[in-house]
Amino acid sequence: MHGIGNDFVMINCMATQIPEEKLPELSRKLNDRKYGIGGDGIVLVLPSRTAELQMRMFNPDGSEAEMCGNGIRCFAKYAYDRKIVDSKDLRIQTAAGVKSVKMNVNNKR
């Protein structure tokens, strides 16, 4: 997905999670613009106990970001478009705390 100049590889982990130790290397491989998909990070869509969903974002170097503004917008749209959530108002758990997102949606499902 593309969000105001950044592009992200979105990974739906609602049913199956990726082992924690594999995430940094996965991000490095997928975000490599010469040999991978290429991107500014991978964004994981995860279940949450404290919000509607949890977002984790890994940079191309494999480090985990606490939060990403463009990433969270892509995350919300991805979850809404794929009917993971029904509401246009979401609370999303991040490493920087729970963030509230309100989407403006022009089309109706």
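If only one of I18, I4 is surrounded by fewer than 17 Cβ atoms within 10 Å (Cβ to Cβ) and either touching a residue at least 60 places away in the same chain (Cβ under 8 Å) or acidic (D, E) (or both), which one is it? Give the steps one after another, and end with the answer.
Values: I18 fails: either touching a residue at least 60 places away in the same chain (Cβ under 8 Å) or acidic (D, E) (or both).
It is I4.
Residues in the stretch 21-38 that are touching a helix residue (DSSP H, G or I) at 6+ places or on another chain (Cβ under 7 Å) and open to solvent by 50 Å² or more (accessible area, probe 1.4 Å): how many? Counting residues in the stretch 21-38 that are touching a helix residue (DSSP H, G or I) at 6+ places or on another chain (Cβ under 7 Å) and open to solvent by 50 Å² or more (accessible area, probe 1.4 Å) gives 1. Residues that are at pLDDT 95 or above, in a strand (DSSP E or B) and loosely packed, with under 15 Cβ neighbours inside 10 Å occur in the stretch 78-90; there is at least one.
For the stretch 29-77, the set of residues classified as basic (K, R) and outside any loop (DSSP other than H, G, I, E, B) consists of K29, R56, R73, K77, listed by residue number.
The values are calculated or read from the model by the stated rules, or taken from the named source; none is laboratory data. Predicted model, so just to flag it, every value in this text is computed and none were measured. Using ideal geometry, Cβ is built from the backbone for each residue, glycine included, and neighbour counts are taken over all protein chains shown. The accessibility values were calculated without ligands, DNA or RNA, using every heavy atom of the protein model including side chains. Shrake-Rupley method; radii C 1.70, N 1.55, O 1.52, S 1.80 Å.
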